[in-house]
Number of protein chains: 2
Amino acid sequence: MPDQERRPRAAGTAARVRDALRDAVLTGEYLPGERLVEAQLCERLEASRFTVRAALQDLAGEGLVEVQRNRGAQVRKVSMAEAVEITEVRMVVEGLIAGRAAELVTGEQAIELDEIGVLMRRAVEAGEHRRYSDLNQRLHGLVRRIGAHSTADRIVETLRGQLVRHQYMLSLVPGRPQTSLPQHERIIAAIRDRDPKAAETAMRDHIASVIEALKAIDYMGPA
Amino acid sequence: MPDQERRPRAAGTAARVRDALRDAVLTGEYLPGERLVEAQLCERLEASRFTVRAALQDLAGEGLVEVQRNRGAQVRKVSMAEAVEITEVRMVVEGLIAGRAAELVTGEQAIELDEIGVLMRRAVEAGEHRRYSDLNQRLHGLVRRIGAHSTADRIVETLRGQLVRHQYMLSLVPGRPQTSLPQHERIIAAIRDRDPKAAETAMRDHIASVIEALKAIDYMGPA
DNA sequence: CCTCGCAAGTTTGTCGACAATAATGTCCGC
DNA sequence: GCGGACATTATTGTCGACAAACTTGCGAGG
């Protein structure tokens, strides 16, 4: 029975509000440090304070917002030092995942990896930064899917959310693709060749280079 | 006026309830899989459902309980496979911390490390398992304090909470102290000698051995 | 005897209202 | 004119009540 329209009381309000609010924070609709007043969010999201507060609490657990007792919530401001710390953790955890991926990869997945590698090289040669950035995400995502490590996955996903803004800055650094392309190709090769140790090392080297780039941005002073 | 009795509204209820509930789950007062009925918790913790629910949500974020829509919360049941995954992540993250500790350690802290090492050896020789287990926690805690990596710290702490029950079983495995003592001594030596690479390797080897012990328990069938 | 459907009871989902706390503006005394 | 105490206001903290959903037990039909 398709009672699609019947919604006297929104079903699954909590999840909807949580996702909407997360999206708003992630897309930068609310800037870091900005106060998130519950009453305003109620209107914006068409939900009660109860639901909004639950969403706020969830996002705090994900490290996207910060709540202080009696002082409300605000979008978490991630300092450069914290961004480096977060990326350091990502380095070792994604290294773990890459190692497992090298153990678990199937022939079909190996082909998919190679395809992404080819597309990446083309994108760099064509200077299509946006496309390269998308492929980058797709590569890391595929590695995680192959690694099939739910615990590590969840952590990486959480950490990634905290970095959206910094990650954006990073993609604008000139010369970054030329640096990272060979690193990505090494990761792909190691997993394809089913060499866990090499895969972990390649992934760690790659993200270590990301950390160096982050620090470089810091010294130059971000725009 | 001694307003000892005047408590029309407890102050800071949320934090108190959250901590009490976490403690109850961690100490095994509620067993894995057990349903946590909000109304019961209200009575037990002397708080409203609003507060109890917030605490439940927090604990879900920490991975201690599991909430299903319209089906309430229950203590999360951590399978052996998940315990292994969690420990794998701990392995790489604590490895990161150990490496940093080797870079940041002060002379005073090095002495403290050595002291713990001595006490550990004595505890093993005296067969005082409980004492050794306490020292083990103290060592890992000190390394984390020296490493001063707040992001990694938070993650390790969260993961540790999810494992309390398994960790308990592990300490009962005969011969475990004899295996882990030299590993701990290697960790201490590497940090004391300010050798980050060796410290990370030592920590990873140590926790890798914990993983093997976990798997062994699994095969034997836990009592 | 088993199975399906219905109804009663239990538990969770959501809301609006009120109390407490922090932030802000203001007035008085110096 | 300036600083501090006080009143005001905005915002969060907590609660009880009601609605929705799931579970369970019972009875009728096969």
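What follows draws every value from the coordinates through simple rules; no lab data is involved. Since we're looking at a predicted model, the values are computed, not measured. Cβ placement follows ideal geometry from the backbone for every residue including glycine, while neighbour counts extend to all protein chains displayed.
Across segment B:177-193, computed HN-Hα scalar couplings (Karplus, 6.51 cos²θ - 1.76 cosθ + 1.60, θ = phi - 60°) run x, 4, 6, 8, 4, x, 5, 4, 5, 5, 4, 4, 4, 5, 5, 4, 7 Hz from first to last residue, x flagging Gly and Pro. Measuring between their Cα centroids, segment B:136-195 and segment A:183-223 lie 27 Å from each other. Residue exposure proxy: B:Y30, B:Y219, ordered by other Cβ atoms within 10 angstrom of their Cβ from fewest to most, comes out as B:Y219, B:Y30.
Quick check: the angle from helix B:150-162's long axis to the longest principal axis of chain B, C-alpha only, nearest 10 degrees? Orientation of helix B:150-162: about 70 degrees from the principal axis. In the assembly of identical copies, A:A60 has its label point, taken 7 Å from Cα in the direction of the beta carbon, separated from the corresponding points by 1.6 nm (ascending, one decimal). Given R0 = 45 Å, the distance between the Cβ atoms of A:M80 and B:L172 translates into a calculated FRET efficiency of 0.50. One equal scatterer on each Cα of chain B, no solvent, Debye formula: the resulting log10 I(q)/I(0) at q = 0.08, 0.15 Å⁻¹ is -0.37, -1.01. Between A:R16 and A:A208, the modelled label-to-label distance comes to 4.9 nm, taking each label 7 Å out from Cα in the direction of the beta carbon. As a calculated quantity, the FRET efficiency between A:R194 and B:E128 at R0 = 51 Å, using C-beta atoms, amounts to about 0.65. A:R49 label point (Cα plus 7 Å toward Cβ) to equivalent points in the other copies: 1.9 nm, shortest first.
With the label put 7 angstrom out from Cα along the Cα-to-Cβ vector, A:R130 ends up 6.6 nm from the copy partners, going from closest to farthest. When Rg and the Kirkwood Rh are both derived from Cα coordinates, the Rg/Rh ratio for segment A:110-223 amounts to 0.96. Per-residue 3J(HN,Hα) values for segment A:40-46, derived from phi via the Karplus relation 6.51 cos²θ - 1.76 cosθ + 1.60 with θ = phi - 60°, read 4, 5, 4, 5, 4, 9, 6 Hz in sequence order (x marks Gly and Pro).
Taking the alpha carbon gyration tensor of the protein assembly as shown, multiplying each eigenvalue by 5 and rooting it gives semi-axes of 35, 34, 23 Å, largest first. Measuring from the axis that maps chain B onto chain A, the chain B residue with the nearest beta carbon and its rounded distance in angstrom come out as B:G61, 1.
Assign one of three labels to segment B:3-75, namely rounded, prolate or oblate, based on the Cα gyration tensor with a ≥ b ≥ c the square roots of its eigenvalues; rounded applies when a/c is under 1.5, prolate when it is not and a/b is larger than b/c, and oblate otherwise.
Here segment B:3-75 falls in the prolate category.
Applying the Karplus relation 6.51 cos²θ - 1.76 cosθ + 1.60 with θ = phi - 60° to segment B:50-64 yields 3J(HN,Hα) values of 3, 5, 4, 5, 4, 4, 4, 5, 4, 5, 5, x, 8, x, 8 Hz, where x marks Gly and Pro. Cβ crowding within 10 Å, taken as a proxy for footprinting-reagent exposure, orders B:R145, A:R121 from fewest neighbours to most as B:R145, A:R121. For chain A, the mean residue ellipticity at 222 nm estimated from helices alone is -24000 deg cm²/dmol, where every DSSP H run of n ≥ 4 contributes -39500 (n - 2.57) and the total is divided by all residues, rounded to the nearest 500. When B:M169, A:M220 are arranged by Cβ crowding within 10 Å, least crowded first, meaning fewest neighbours, the order is A:M220, B:M169. The trypsin sites (Lys or Arg not before Pro) found in segment B:16-100 that occupy coil by DSSP, while having at most 16 further C-beta atoms within 10 Å, are B:R69, B:R71, B:K77. Taking label points 7 Å from Cα along the Cα-to-Cβ direction, A:E108 and A:R44 give a separation of 4.2 nm.
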